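Taken together, the values in this text are just the output of simple stated rules run on the coordinates, not laboratory data. The model shown is predicted, which means the values in this text are computed figures rather than measured ones. FYI the Cβ positions are ideal-geometry reconstructions off the backbone, even for glycines, and counts take in every protein chain you see.
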Amino acid sequence: MITIATTDGTYSGTSRASTVAPIVFVVDDDISVRESLELLIESEGWQPETFVSAQEFLARPRNLVPSCLVLDVSLPDLNGLDLQKRVAVERPDMPIIFITGCGDVSMSVQAMKAGAIEYLTKPFGDEVLLSAIRYALERSRRALEQGEKMKALRQRCASLTPREREVMALVVSGLLNKQVGGELGISEITVKAHRGQVMRKMGADSLPALVNMVARLDVATAAAR
């Protein structure tokens, strides 16, 4: 994949997430449901993968492609709501669509509060499910692309020397080159040289773009704590 820094600090380019066939995972212990959903999913050009239990699904290695999970609430081992908690932590780019044979209001509220995008009670129309899957896959694609952009941004930041990171922090805080030099005990000419290296390595063509990048890195770091 090729990524190019733009003037607002974001990245453009063709990502792997936008060029591979999406996967729709189905976890349901009813074989007739699995088989019917497999055919429906294939008819839309998506890749179906079906599982009889939550543990079987969790044993499947993760793929960084657009995907979603069509999940039955009642399962033989780990139930759907418990699996949802695991997926939220381990695979946050995978939206969940619940399907169930019983319209339990409390369960539906719990699932939606935990981030499910849909809670469908069987029987449901094909188009209702397909519409939910389309929305889920688009959300997954966007999440993966954002992840790729952040990874590229972190790599650029990691390429900076300790001194360049110091200069970057002071520059984005609003200090002039002369002030940065005073803070670090170096000449203004040296500051300019470091600043130029920072702009080049970060792929920023303006100070606002650099400020945007640093803000995104700070937000991502805070969210990870």
| Can you run phi through the Karplus equation (6.51, -1.76, 1.60; θ = phi - 60°) for segment 148-159 and list ³J(HN,Hα) in whole Hz, with x for Gly and Pro? | 5, 5, 5, 4, 5, 5, 5, 5, 5, 5, 5, 7
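Would you mind ranking LEU207, LEU129 by Cβ crowding within 10 Å, fewest neighbours first? Don't skip to the answer; put the middle values down first.
Working: LEU207 13, LEU129 19.
Listed from fewest to most nearby Cβ atoms, that is LEU207, LEU129.
If the chain between SER43 and LYS151 were fully stretched, how many nm would it gain, using 0.36 nm times the residue separation less the Cα-Cα distance?
Working: separation 108, 0.36 × 108 = 38.88 nm, distance 3.42 nm.
Extending this stretch completely gives an extra 35.5 nm.
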| task | Give me the lysines in straight-line cross-link reach of LYS122: C-alpha distance below 30 Å, same-chain residues under 8 apart excluded. | result | LYS85, LYS113
| said: With 10 angstrom as the radius, rank TYR135, TYR119 by how many other C-beta atoms surround their C-beta, starting from the fewest. | reply: TYR135, TYR119
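Rounded to the nearest 500, what is the chain's calculated 222 nm mean residue ellipticity when only DSSP H runs of at least 4 contribute -39500 (n - 2.57) each, over all residues?
Details: 9 runs with 123 residues, N = 225.
Calculated from helices alone, the mean residue ellipticity at 222 nm is -17500 deg cm²/dmol.
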| task | Just tell me which lysines come within less than 20 Å, Cα to Cα, of LYS151; anything on the same chain fewer than 8 places away is out. | result | LYS201
| query | Setting aside same-chain residues fewer than 8 positions from LYS149, which aspartates and glutamates have a Cα under 20 Å from its Cα? | reply | ASP8, GLU90, ASP93, GLU138, ASP205, ASP218
| remark: Helix 207-224 sits off the longest principal axis of the Cα atoms of the chain, rounded to the nearest 10 on a 0 to 90 degree scale, by 50
| Against the longest principal axis of the chain, how steep is helix 162-172, in degrees 0 to 90 to the nearest 10, with axes from Cα atoms? | 90
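Please work out whether segment 16-148 counts as rounded, prolate or oblate from its C-alpha gyration tensor, where a ≥ b ≥ c are the square roots of the eigenvalues and a/c under 1.5 means rounded, while otherwise a/b larger than b/c means prolate and anything else oblate? Could the numbers behind the result be given before it?
Numbers: a/c = 1.44, a/b = 1.25, b/c = 1.15.
Judged from the Cα gyration tensor, segment 16-148 comes out rounded (a/c under 1.5).
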| Going by alpha carbons, how many degrees (0 to 90, nearest 10) lie between the helix axis of 188-202 and the longest principal axis of the chain? | 20
| Label-to-label distance, nm, for residues given as GLN179 and TYR135 (7 Å Cα→Cβ offset) | 4.7
